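**Q** Got a structure here, written out as structure tokens. Questions coming.
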Amino acid sequence: MPSDAAAVMERMRAACLAGVALVSDRQPERLRVDNHAGTLPSIWLHNQAPTTGWIIVSIGTRDWCKLAYQFGHELGHVLCNSWQSDAKPRNPCQWVEEALVEAFSLRGLQLLADAWEHVPPFRNDAAFAGSIRDYREKMVVDYRAALKEQDDTASLRTWFKEHEASLHVDGGVKAAKGAVSTMLDLLQSDATMIADLGALNRWPGRSGIPLQDYLNLWEKSCAELKAPGRLPVRLRKLLA
């Protein structure tokens, strides 16, 4: 039922934004979520309702884990100011946002499972929290393996150096998978840094600029919005 799906998404929205300051001056007034079976989840970059962020998910009946995950990832893009009609992804730095919003959703899934176990949205459904945790853990294990695929001591820096050329061409979440576990560790260690996502993409060129310029403009944008500014600084150190 649509009302059940709405309940799951509202729970996931609350989990993802728990403890997060919303600092952006470009956030939508409302969200619209459509289920388009057989398509990839995405943000629909539309012109129909200029103050509405339009999220597309692709799920089966009562597939609550996938719904929560997909919604959380796309909500992350909305938080990163990537929902308006001019927000087409651009390389070479799109991979940073993709890795961050994937981590944003994974963090949200953990908090969703905890909340579901204590106060389930559906009657006698507390045990489903275990399914959410299992779903999340499989992805986390895969992302941690992707970082260490060549070397068990690999860091974000070594992964980036190895994949930098390909990331200039493909900045999608699959290409960025080796960076997700590091991003997740950062967001889980200090949730206040998530506010810095709201300062992304507030400059001409968005992610279509060199990495050092991207990080510089992100820091400047954080200062303008009075966001913590720690996340771009931390990433610069990890990538240097």
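The values are calculated or read from the model by the stated rules, or taken from the named source; none is laboratory data. Only a predicted model underlies this, so the values are computations on that prediction, with no experimental measurement involved. In this analysis, Cβ positions are derived from the backbone assuming ideal geometry, glycine residues included, and neighbour counts consider all displayed protein chains. These accessible areas exclude ligands, DNA and RNA; they are computed on the full protein's heavy atoms, side chains included. Shrake-Rupley method; radii C 1.70, N 1.55, O 1.52, S 1.80 Å.
**Q** One residue is enough: does segment 195-203 have a residue meeting the conditions at pLDDT 95 or above and of a type in the set (S, T, N, Q)?
**A** Yes.
**Q** Here's a follow-up. Condition (residue is open to solvent by 10 Å² or more (accessible area, probe 1.4 Å) and over 30 Å from residue 170 (Cβ atoms)) applied to segment 96-112: is it met by at least one residue?
**A** Yes.
**Q** May I pose another question? For segment 168-184, which positions are in a helix (DSSP H, G or I) and either free of Cβ contacts under 8 Å to residues at least 12 places away in the same chain or in contact with a Leu (Cβ under 8 Å, 6 or more places away or on another chain) (or both)?
**A** The answer is 178, 179, 180, 181, 182, 183, 184.
**Q** While we're here: Would you check if there is a residue in segment 159-166 being assigned to a loop (DSSP other than H, G, I, E, B) and of a type in the set (Asp, Glu)?
**A** No, segment 159-166 contains no residue that is assigned to a loop (DSSP other than H, G, I, E, B) and of a type in the set (Asp, Glu).
**Q** Among residues belonging to segment 21-79 that are surrounded by fewer than 18 Cβ atoms within 10 Å (Cβ to Cβ) and small (Gly, Ala, Ser), point out the one that is nearest to residue 193 (Cα to Cα).
**A** Among residues in segment 21-79 that are surrounded by fewer than 18 Cβ atoms within 10 Å (Cβ to Cβ) and small (Gly, Ala, Ser), the one nearest to residue 193 (Cα to Cα) is 21.
**Q** Pairs under 9 Å by beta carbon, first residue on the phi > 0 side of the Ramachandran plot in segment 4-22, partner of a type in the set (Ser, Thr, Tyr), six or more apart or different chains?
**A** Short answer, once both residue conditions are applied: 19/192.
**Q** Here is a further query. Testing residue 117 on (1) assigned to a helix (DSSP H, G or I); (2) touching a residue at least 24 places away in the same chain (Cβ under 8 Å); (3) not basic (Lys, Arg), one condition comes back false. Which one is that?
**A** Going through (1) assigned to a helix (DSSP H, G or I); (2) touching a residue at least 24 places away in the same chain (Cβ under 8 Å); (3) not basic (Lys, Arg) one by one, residue 117 breaks only (2).
**Q** Another question, if that's okay. Does residue 129 count as surrounded by 15 or more Cβ atoms within 10 Å (Cβ to Cβ) and closer than 27 Å to residue 174 by Cα? It would help to see each step written out before you state the result.
**A** Details: surrounded by 15 or more Cβ atoms within 10 Å (Cβ to Cβ): yes; closer than 27 Å to residue 174 by Cα: yes.
Taking the combined requirement at face value, the residue satisfies it.
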